[in-house]
Amino acid sequence: MISGARAAGPTGGNHRLASAALGVATALIATAALATGTWGPATMNRMLAGGSVSAPPPLPAADISIQAGANPIGDGTVPIGAGSAPISPVTPVTVAVQHGTLQTVQVTDTKSGQQVAGTLTPDSRTWRTTAPLSYGDTYQVAATAVGEDRQVVRESGTVSTVRPAALTAAALRPSTGATVGVGQPLVVRFTRPVADRAAAVRALSVSTSPEQTGSWYWMSATEAHYRPASYWQPGTTIQLNANLFGADLGKGAFGQANRTATVRVHDSWVAKADGRSKVMQIFHNGTLAKTMPISLGSPTNPSHSGPHVVSDKKPTMIMDSCTYGVCEGDPGYYKEKVDLDVRISNDGEFVHSAPWSVGQQGSSNVSHGCVNLSPANAQWFFDHFNIGDVVEITNSGGPRLPVWDTYGDWTLPWSEWQAGGKS
């Protein structure tokens, strides 16, 4: 019995020690499992190998940046800070954050005290202005963000915009809402010479329905025209946008304001006046609609050849040769009332009623450069032809209509037009 008790003693003690060891091991395993889930297996292995458990690395604070440009950090934007160059008023101000989310952003005009509208991305990491700024102005930027460390960070900065040496305005022709013929070019007239024409063209956009490819041509330093390779398709809708505000046009000049025009092209009316046959054929949407006897310019005053575009029309006007240098007392002087006048060039060429030359119409060219018609034919032409319609003159013996003469745009082949005009 005693020996049995002595044998049992040590055995019972070992059992209790084993149980205690198992409990400690279980606790360590549980702790390790918890630590592994929190810190990750790699971190836990390093800590176990080192024989100690250390605290996890601190979470990062929010890092706010103020930039000029529409994109988030590092994607074509320019950081804004002390000494930053002034920006264009159409360049967005962007506030972005790393390691956090934006809470508030304010961009305030220091002149007016008004805040500039902006929008926040769905992830709350980027905010940018959605309204243009003003020329020669200063804006205060203030932003707050909460970092991954749950601490609030504040950032502020100042943005200035360029102060132009001059502002350039532009007028568009035709004006919005106009309905024109298939030959009507788009015209942009600037109030001062444009030094950087490439920048101006980048600010101009044309969209058409149906789509037609076109190109710009500079008639002068202050005037650019746009046309397609061939006449517009009837029924075309044209949208011209001149996004000039904020555009650097060179030599310190910037665009003053944006302009837009929406124009519709009506049916095709094209008259073909032949100085050899002395007949004018009129086509409506490509189909011959009428034929008229005509008289073009005489051999001493030949009509310009090439496509002409109607730019104006008046029921009656006084035609005075002194307007182009042939005045009273000079050979060839005239001053008389003429009816049913459809202007086709700025050089004094019209399609009009000429009852005095009815006997020569269809047989000889006797005018001072105009297309003479009988009163009845002139009335029909006046009733059917409008701004932008086309009169093509051939075999007149005269020089080609200059491209710069009102709408002489179509006298140039497409390859020459695409060259862009005066440099």
Hits in region 129-153 - residues which are assigned to a strand (DSSP E or B), open to solvent by 70 Å² or more (accessible area, probe 1.4 Å) and either without any contact (Cβ under 8 Å) to a residue 40 or more places away in the chain or out of contact with any Ser or Thr (no Cβ under 9 Å at 6 or more places or on another chain) (or both): Gln140
Any hit, region 193-210, residues being open to solvent by less than 30 Å² (accessible area, probe 1.4 Å) and either among the basic types (Lys, Arg) or more than 30 Å from Pro86 (Cα to Cα) (or both): yes
Filter result for the condition that a residue is farther than 27 Å from Trp269 by Cα and touching a strand residue (DSSP E or B) at 6+ places or on another chain (Cβ under 8 Å), over Asp320, Asp339, Asp330: Asp320
Options Gly157, Gly177, Gly183: the member that is over 17 Å from the mean Cα position of the chain (by Cα), at pLDDT below 95 and of a type outside the set (S, T, N, Q): Gly157
In region 84-100, residue surrounded by the most Cβ atoms within 10 Å (Cβ to Cβ) [restricted to those that are part of a loop (DSSP other than H, G, I, E, B) and of a type outside the set (Val, Ile, Thr)]: Pro92
Among (1) surrounded by fewer than 18 Cβ atoms within 10 Å (Cβ to Cβ); (2) touching a residue at least 12 places away in the same chain (Cβ under 8 Å); (3) under 32 Å from the mean Cα position of the chain (by Cα) - the single one Glu416 does not satisfy: (2)
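The values are calculated or read from the model by the stated rules, or taken from the named source; none is laboratory data. Just so you know, these numbers come straight off a predicted model, no measurement behind them. Glycine gets a Cβ as well: all are built from the backbone with ideal geometry, and neighbour counts include every protein chain shown. These area figures cover heavy atoms from the full protein model, side chains too; ligands, DNA and RNA do not enter into them. Shrake-Rupley method; radii C 1.70, N 1.55, O 1.52, S 1.80 Å.
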